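Participant: The structure under discussion is supplied below as C-alpha cells; questions concerning it will follow.
The values are calculated or read from the model by the stated rules, or taken from the named source; none is laboratory data. Keep in mind that what you see is a predicted model, and the values were worked out from it rather than measured. Please note: Cβ atoms are built from the backbone with ideal geometry, for glycine as well, and neighbour counts cover all protein chains shown.
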Amino acid sequence: MTLSNTERKIIENSIRDINDFPKPGIIFKDITTLLNDKEAYGVLMNHLYQRYKTYNLDFIAGIDARGFIFGAALAQMLGVGFVPIRKKGKLPYTTISEKYTLEYGVDEVEIHLDAFRDIKNARVLLIDDLIATGGTANAAATLINKTGALCVEACFIMALSFLEGQKKLQEQTEVYSLIEVH
C-alpha cells in the first residue's frame with residue numbers, strides 16, 4: 001500500500017524546511033510541524049496502520065528519539081508492543097549494542113537483551129522519521145536480528161535518497177519510505 005497523491009501532499013506540506021541547520025548548507029526537515037498538524041498526523045498514522053495491519057507484527061521498534069513518536073502510536077493502533085532503540089547509556093537493564101560510523105567518528109545504539117520477551121522469531125517493524133546515510137538504521141536492524149527477532153521491514157517518513165542509505169539497508173531488510181527527497 002502506498003500513499004495517494006493527495007495524502008502525500010498533505011504530509012509533505014506539513015513538514016517545514018529549516019535552512020542551514022545544524023550547519024551551513026544543510027536543509028533540515030522539521031517534523032514538529034507534521035506532529036502538530038492533526039490532519040497530516042492523522043493521514044500519516046492511518047496510512048501506516050492500513051499498511052501494517054496485515055503484517056502479523058509482534059513489535060514495533062523505534063529509533064531514538066523521533067522513531068518513538070511514530071512507533072509507539074502505531075504499536076498501540078496495531079495492538080502490539082513497542083521497543084525503544086536508544087543511544088548508548090540510556091537503557092537501564094542489560095543491553096546489546098551495535099556501533100556505526102558517522103561522518104566524523106563512531107556512535108552506538110542499544111536495545112534491551114529481552115526487548116522482544118523471548119518470543120521466538122518475533123516479527124518486528126523498525127521505524128524512524130528519516131533515513132539519510134543509513135548508519136543508525138542499519139545498526140538498529142542488526143540489533144533486532146541479533147536478539148533472535150526478525151526485522152521484517154524498516155519504515156521511514158522521509159528518505160534522502162541521494163545519500164543511498166536505503167540501498168545499504170535493503171541488504172538486510174525490506175525498506176519503505178513514504179516521501180523521497182532527491
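Participant: Can you say whether PHE28 is closer than 30 Å to ASP114 by Cβ, surrounded by 11 or more Cβ atoms within 10 Å (Cβ to Cβ) and out of contact with any Leu (no Cβ under 9 Å at 6 or more places or on another chain), as far as the supplied structure shows? Break it down into steps so the answer makes sense when it comes.
Facilitator: Numbers: closer than 30 Å to ASP114 by Cβ: no; surrounded by 11 or more Cβ atoms within 10 Å (Cβ to Cβ): yes; out of contact with any Leu (no Cβ under 9 Å at 6 or more places or on another chain): yes.
Taking the combined requirement at face value, the residue does not satisfy it.
Participant: For the structure I just gave you, tell me whether VAL106 is at pLDDT 95 or above and β-branched (Val, Ile, Thr). Steps first, please.
Facilitator: Working: at pLDDT 95 or above: no; β-branched (Val, Ile, Thr): yes.
No: the conditions fail for VAL106.
Participant: On to the next question. For TYR52, work out the one condition from (1) on the phi > 0 side of the Ramachandran plot; (2) touching a helix residue (DSSP H, G or I) at 6+ places or on another chain (Cβ under 9 Å) it doesn't fulfil.
Facilitator: (1)
Participant: Test each condition in (1) surrounded by fewer than 16 Cβ atoms within 10 Å (Cβ to Cβ); (2) part of a strand (DSSP E or B) for GLY89 and report the one that comes out false.
Facilitator: Here GLY89 meets the rest and fails (2).
Participant: Just to be sure I understand, how many residues within the range 39-86 are crowded, with 20+ Cβ neighbours inside 10 Å, among the small types (Gly, Ala, Ser) and in contact (Cβ under 8 Å) with a residue 24 or more places away in the chain?
Facilitator: So the count comes out to 5.
Participant: For the condition farther than 22 Å from TYR52 by Cα and either in contact with a strand residue (DSSP E or B) (Cβ under 8 Å, 6 or more places away or on another chain) or of a type in the set (Gly, Ala, Ser) (or both), what is the one hit in PHE156, PHE162, PHE116?
Facilitator: Numbers: PHE156 fails: farther than 22 Å from TYR52 by Cα; PHE116 fails: farther than 22 Å from TYR52 by Cα.
Sole residue among the options that is farther than 22 Å from TYR52 by Cα and either in contact with a strand residue (DSSP E or B) (Cβ under 8 Å, 6 or more places away or on another chain) or of a type in the set (Gly, Ala, Ser) (or both): PHE162.
Participant: May I ask you to list the residues in the range 154-176 that are surrounded by fewer than 20 Cβ atoms within 10 Å (Cβ to Cβ) and either hydroxyl-bearing (Ser, Thr, Tyr) or touching a Phe, Trp or Tyr at 6+ places or on another chain (Cβ under 6 Å) (or both)?
Facilitator: Going residue by residue through the range 154-176, those that are surrounded by fewer than 20 Cβ atoms within 10 Å (Cβ to Cβ) are 161-164, 167-168, 170-172, 174, 176.
Hits for the range 154-176 are SER161, TYR176.
Participant: Go through (1) of a type outside the set (Gly, Ala, Ser); (2) modelled with pLDDT under 95; (3) not in a strand (DSSP E or B) for THR101 and report which single condition fails.
Facilitator: If we test THR101 against (1) of a type outside the set (Gly, Ala, Ser); (2) modelled with pLDDT under 95; (3) not in a strand (DSSP E or B), just (3) comes out false.
Participant: Could you check the range 24-76 and list, in sequence order, the residues that are within 25 Å of LYS87 (Cβ to Cβ) and either among the acidic types (Asp, Glu) or in a strand (DSSP E or B) (or both)?
Facilitator: If the condition is that a residue be within 25 Å of LYS87 (Cβ to Cβ) and either among the acidic types (Asp, Glu) or in a strand (DSSP E or B) (or both), then ILE27, PHE28, LYS29, ASP30, ASP58, PHE59, ILE60, ALA61, GLY62, ILE63, ASP64 are the ones that fit.
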